[in-house]
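For reference, the structure is listed below as structure tokens.
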Amino acid sequence: MGKKVLVIGSGLGGLTAALRLSCDGYDVEVVEKNHQAGGRLNQLKKDGFTFDMAPTFFSMSYEFKEFVEYCNMDLPFEFIELDPLYQVNFSGSDRFYTVYKDLKKLAQEFKDIEPDFERRMQQYLRSAATIYHDTEYRIVKKNFTSLTDYLLQLTRVPIRNAPKMLRSMWREMEKYFTSYEVKVIFSLVAFFLGATPFDTPAVFSMLTYTELIHDGYHNVRGGMYKIVEGLLEEMKKRNIRVHYNTEIVDFLTDHQGVKGFRDQDGHTWESDLFVVNSDAAWFRGKIFNRKQYQPEKLDRKKWTLAPFTMYLGVKGKLNNIHHHNYFLGNNFKEYASKIFKNSISLEKPYYYLNVPSRHNPDTAPAGHEALFILCPVPDLRYKPDWSDREELASHIIEDLSVRIGYNIEDNLVSKTIYDPVKWKNMFNLYQGSGLGLAHDLNQVGGFRPGNRDEKYGNVYYVGSSTVPGTGLPMAVISSKLVTQRINHEQKPVHQKQSANQQVNNP
């Protein structure tokens, strides 16, 4: 075997990095803080119900196809393409807008509020496709050796995209659409980045292109956690051990760099190389005690919204709602501008509803539904006290009951609430931020914490707060980038010859 690699954390980035490195001849071992793998891509089972804990769909599935080709393995789970993608309801209205991938069907859905919708959307998507393909290999799927290297790469992005760096996603929507509802619905993709369309750069309009044209959204047969279970099975075949209930709390060094990491029980995990799948900014501050990553510095950075989640088991079948649903108010601009700093009442919150039992009936007992609700809320810098968690939960349940015409409270058989404090403690999420560092232009690419440690040359990072950013497909790309970097810098035992696995030198 080749050099030993210890992967710290078993989120999607850590699992895919472990498999890639094993395929390249490294001896890989994984330690995980919790009792089961997956990080935020996790599962909750309770009272006969099964819930996806956080991510409920997946875009850019071709990144997984690249991954399995790299590892010379079959895809160990089955994607289910979603179409329609989701529904959206605004408070005070009985109307549900359905978002289809077919532009003609989509145009019919919005013909009364945006008569020229198809032409306008085609123009918007052409613009979004341009920024996607102009940055895919120059920025998104690229390692950077320094900030200067990153800025140099930016100069290679065609200048036609520059205006999108200077205006918000909402202003980009205003260039193409007149309807308030259309602008709101198609800017919801900003929330997938843990932000709002008013503080997300227009370059991320590319997400609408991936949503409608470039692959779309997918669920997984049997639930999203099948991704984790499938990867663990592959790891078992390759003798990659995962040690659970093992939290890293300290480290040891020698003249070559980091010698090992110490867990909560005092055991030292030694290795030649380390790949950290914990938050790349938090870990540098908490474990390495770096001055620039201490709380007073981190608090001045922009973080994504925190998750407030509910997992509900409900008696009865809810046939009038879709698999994926967004329930919004009528004060979108005000709500979005104030939610980050907890300066708006959560009495009438905006939230997302997933019904996993719609596509996967085994997630609920017969005659019941499993419901997952996500409400983006302020992080713990702005709302540290969550003693009112039951009150917010009641507001959401009451609002949902009115909108779908079914009394959820009277038919509840199971209820679990995770507030931002719970999320922070489960996964070491800084201030409870759901998706790590936000995607401001001064926090992306070379401005993001790098995937190689700045002091210790044998420590690397993978996941949401390093390059390229947050989201499930980004985690898979992140594992590709860190593997490329390790192979280039550490000289792997053997180098694959297939074209899709050529090393892109950082």
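Here, each number is a calculation from the coordinates, and none is a lab measurement. The shown structure was predicted, so the numbers you read here are calculated from the model rather than taken from an experiment. Glycine gets a Cβ as well: all are built from the backbone with ideal geometry, and neighbour counts include every protein chain shown.
Taking every DSSP helix (H) stretch of at least 4 residues in the chain, weighting each as -39,500 (n - 2.57) and dividing the sum by the residue count yields a mean residue ellipticity at 222 nm of -9000 deg cm²/dmol.
The trypsin sites (Lys or Arg not before Pro) of segment 5-82 include none that DSSP puts in a loop with a beta carbon having at most 10 other beta carbons within 10 Å.
Each of MET235, MET165, MET73 was scored by other Cβ atoms within 10 Å of its Cβ. Listed from fewest to most, they are MET165, MET73, MET235. Checking every one of the GluC sites (Glu not before Pro) in segment 385-482 against DSSP loop status and a limit of 16 other Cβ atoms within 10 Å picks out GLU454. By the rule of a C-alpha distance below 28 Å, with chain neighbours fewer than 8 residues away ignored, the lysines paired with LYS45 are LYS33, LYS226, LYS236, LYS237, LYS315, LYS317, LYS415, LYS422, LYS424.
To check you understand DSSP bridge types, tell me what percent of the beta bridges within the chain (both residues inside) are antiparallel, rounded to 5. So the antiparallel bridges amount to about 70 percent of the total.
Checking the cross-link pairs LYS104/LYS175; LYS338/LYS455; LYS3/LYS297 against a 27 Å limit on the alpha carbon distance flags LYS338/LYS455; LYS3/LYS297 as lying beyond it. Restricting the calculation to alpha carbons of the chain gives Rg and Dmax of 22.3, 70 angstrom.
Other residues with beta-carbon under 14 Å from the beta-carbon of LYS236 carry, at +1 per Lys or Arg and -1 per Asp or Glu, a net charge of -1.
Diffusion coefficient (Stokes-Einstein, Kirkwood radius over C-alpha pairs, 37 °C, 0.692 mPa s) for segment 102-215: 220 µm²/s, rounded to a whole number.
Counting pairs of alpha carbon atoms under 8 Å apart in space and at least six apart in sequence, what relative contact order in percent does segment 1-132 give? Over segment 1-132, the number comes to 13 percent. Contact order, relative form, for the chain: 24 percent (alpha carbon pairs under 8 Å, 6 or more residues apart, mean separation divided by residue count). Electrostatic tally near ILE477: other residues with Cβ closer than 15 Å to its Cβ, Lys and Arg +1, Asp and Glu -1, net +3.
Among the trypsin sites (Lys or Arg not before Pro) within segment 266-339, those in coil by DSSP and having at most 11 neighbouring Cβ atoms inside 10 Å are ARG300. Net charge in the neighbourhood of GLU454 (other residues with Cβ under 9 Å of its Cβ; Lys, Arg +1, Asp, Glu -1) is +3.
Short-range pairs are left out: with C-alpha atoms under 8 Å and at least six residues apart, the relative contact order of segment 51-197 is 14 percent. Cα centroid separation, segment 265-322 to segment 214-239: 21 Å.
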